[in-house]
1. In debye, nearest 20, what is the charge dipole magnitude of region B:25-129 about its Cα centre with +1 on Lys and Arg Cβ and -1 on Asp and Glu Cβ, if you could check?
2. Nearest 100 Å², what total accessible surface is buried between chain B and chain A (probe 1.4 Å)?
3. How far is helix A:80-93 tilted, in degrees, relative to the longest principal axis of the Cα atoms in chain A, given as a value from 0 to 90 rounded to the nearest 10?
4. Mind pulling the angle between the C-alpha long axis of helix A:2-21 and the longest principal axis of chain A? Nearest 10 degrees, somewhere in 0 to 90.
5. Just going by the charge dipole of region A:20-134, with Lys and Arg at +1 and Asp and Glu at -1 on Cβ, which of A:Phe49, A:Ser123, A:Leu83 is farthest out on the positive end?
6. Pairs A:Lys138/A:Lys191; A:Lys82/A:Lys191; A:Lys82/A:Lys138; A:Lys65/A:Lys130; A:Lys118/A:Lys201; A:Lys65/A:Lys207: which exceed 21 Å Cα-Cα?
7. Could you tell me the accessible area of B:Val99 in Å² (1.4 Å probe, neighbours in place), rounded to the nearest ten?
8. Counting only protein chains, not ligands or nucleic acids, how are A:Glu173, B:Glu76 ordered by accessible area (probe 1.4 Å), most first?
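The values are calculated or read from the model by the stated rules, or taken from the named source; none is laboratory data. Since the structure is predicted, the reported quantities are computational estimates derived from the model, not experimental observations. Don't worry about glycine lacking a Cβ; one is built from the backbone with ideal geometry, like all the others, and counts go over all protein chains shown. For the accessible areas, the whole protein counts, side chains as well, though only heavy atoms, and no ligand, DNA or RNA atoms are used. Shrake-Rupley method; radii C 1.70, N 1.55, O 1.52, S 1.80 Å.
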Amino acid sequence: MKNIINWGTLLCFLLLAACQSGPTNLPILGNKDEVDGKTVYHEIPDFAFINQDSAAVTNATFAGKAYISDHFFISCPTICPKLSKSMLRIHDRFEKDEELLLLSHSIDTKYDTIPRLKKYANSLGVTSDKWHFVTGDKQEIFDIAEDYFNIAMDDNDAPGGYNHSGRLILVDENRRIRAFCDGTDPKAVDKFMDDIDLLLKEMRTPKT
Amino acid sequence: MQKVTLSFFLLFSFFALLNCNQKPYAHGKIMYENFCVNCHMEDGSGLIGNIPPLAGADYLTKHADQLACVIRYGLEGEITVNGKKYSAPMAGVPQLTDVEIANIINYINHEWGNDNGYTTITQVKNQLKNCQ
């Protein structure tokens, strides 16, 4: 009888342990293509924008690094303050992790000038070593939003004149999207930060 | 007869007690979640450097007689909250009724550890007559 209890306890323990280990790698998201028998994943295309310090920001800025991308605008009265707050939480938690950067695209290219972006970054207490606030050609910013599974467009009926979705996107060092979340939901952001941890772990594991 | 009165009294106390356990500013909370939470956040903390907090904000007591005007007509220009300066403009929410404004004020004055006293509908109406 005692034996059964002991085995039972052990089994329960093992089951619990199995539960907790969870997935070790994040999936690669987006449409896949088969080209010459090889799988081609969705990748972020080439881009060239300008950040709050008037420096060029391109794919090369993120070479060997993962980054979080979002789309926002400074005067946005709806979801943007929450997005910025979530980005700020991620910034603070991963401040020391050099492999992770942040990239916020302004979709209000008319109003959000470089000095205004600079002021916004300063007010949040962040710098372009870690967090780029970029502007550029409006159509390019709208177009790349789609590559990040986001929506950005002019909409005179929307508060502030733009319609956009509040997703935060995790891109790996190979330009591939590995996770995303609703940036206005603090609980979703908690889970998303666990995903970032997983990716950082993957990046730090020597490839065999 | 006395028995009836007594049972009524008991019944009444029972419901009064039930009410005690509920959050008293439920309507204000819903209004807050619809009109304010995007900027001032669920926890009333605002956004550092941009949007002032409501949780623990000295502004709420120092400018208690202007809160209704802020909510209806918005706020522009530099203000100081808990020693920090803010200058982004806040748009008003003109579609809120006097009662809804009173409910929001009472909610933010009693949430997140705030304890700033009760604002009556008459006070709100008087304030709104004198907004600049």
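1. About 240 debye.
2. 1000 Å²
3. Once rounded, one gets 50 degrees.
4. In chain A, helix A:2-21 runs at an angle near 20 degrees to the longest axis.
5. Ranked along the dipole, the leading option is A:Ser123.
6. Numbers: A:Lys138/A:Lys191 32 Å; A:Lys82/A:Lys191 16 Å; A:Lys82/A:Lys138 23 Å; A:Lys65/A:Lys130 11 Å; A:Lys118/A:Lys201 32 Å; A:Lys65/A:Lys207 16 Å.
Over 21 Å Cα-Cα: A:Lys138/A:Lys191; A:Lys82/A:Lys138; A:Lys118/A:Lys201.
7. 80 Å²
8. Working: A:Glu173 55, B:Glu76 155 Å².
If we order A:Glu173, B:Glu76 from most to least accessible, we get B:Glu76, A:Glu173.
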